[in-house]
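Data block below; observations after.
Please treat every number below as a calculation from the coordinates, not as lab data. The structure presented is a predicted model; accordingly, all values stated were derived computationally and were not measured. No Cβ is skipped: glycine too gets one built from the backbone with ideal geometry, and neighbour counts run over all protein chains shown.
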Amino acid sequence: MYRALLLDFYGTLVAEDDALVTRISERVAGVSGRGASASDVGRRWHQRFAELCGAAHGASFRTQREIEVESLADAARHFDAAIDVAELAGEMFAYWAAPTPLEGAAAFLSEYAGPICVVSNIDAAELHAAIRGLGWDFEHVITSEGCRAYKPRPEMFRAALAALGCDPSDVLHVGDSLGSDVSGAARLGIDVAWVNAKNRALPDALELRPRHTIRNVVDVLPLLSAG
C-alpha cells in the first residue's frame, strides 16, 4: 500500500494553460511579418521554453517567469512580430495564480486522507496563490524555485520524499506529463499514475513507463492499495 502521494498540480489538479498558449500564439502569428501560423509560433515558443528549462538548475537556475518571457520574446523576434511580450506573459502569470480546477480534483482531495506533497514546476508565488484561491491546503509543497531545478531532474522528487519521510517504494506520483512526471519519478523508482485525459497513446519508444494510466485524478483512489 502506498503511504503517501506526490501530486503534480497544473494538468493534474487544475487545467493547464494550453488554451491561453493557443490564444497568445494566434496573436503573435497575427502580427508576424513572416506569415507564421499559430502552430509555427507555438512550436518555436515551446522548443525554446524546454531548452531554457533544461539548462536551468543549480547556479544557472531561472524562474518560470523569466523563462516564459525569454522564450516568448524569442518566438516573436523569430517571426518578426511586433507585440508587447510583457503584456502577453502577464496573462500567463495571471492564469498560473488563478487556474481552473479540473473536474474531480476537489472530490479527490476531500476523500483522500493520506499525506500529500505537491510537486510543481511553476514558481512559488503563483502556485501558492493558486492553492489559496481554490481554498485548498497542503502540508507539503515542493517547487522548482525552491529546489533550483525542474522536473524531470531528480531534485524535486528527492525533496518531496524527504519532506514526507518516505522511500521511493512508499509513494505514488500522479502527473500528466510523460517528459516531466513519468520520466522524472520513474527514474528514481517511484511508481507513477499518468493522467491521460486526452486518451493519448504511449509512444512505443518510451523507455520509462507509468505503472498506471488514469483519465482523472479521482481515478487514483482505487489504486491506493496497489503499491
Three principal axis lengths of the chain [C-alpha, angstrom, descending]: 57, 40, 37
By counting other Cβ atoms within 10 Å of each Cβ, how are D123, D204 ranked from fewest to most? D204, D123
Is any residue of the range 136-175 close enough, with backbone N under 14 Å, to a label point placed 7 angstrom from the Cα of D219 along the Cα-Cβ axis, and if so, which? 174-175
Once Lys and Arg are counted +1 and Asp and Glu -1 for all other residues with Cβ under 12 Å from that of A197, the total becomes -2
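Hey, what's the per residue convex hull volume over the C-alpha atoms of the range 18-97, in cubic angstrom?
Values: hull volume 6.4 nm³, N = 80.
Hull volume normalised by residue count: 80 Å³.
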For the chain, what relative contact order do you get, as a whole percent, if you take Cα pairs closer than 8 Å and at least 6 residues apart? 25 percent
Percent RCO, i.e. relative contact order, over the range 18-97, from Cα pairs under 8 Å lying at least 6 residues apart: 34 percent
Here the longest stretch of the chain that holds no GluC sites (Glu not before Pro) in a DSSP loop having at most 10 other beta carbon atoms within 10 Å is 1-138
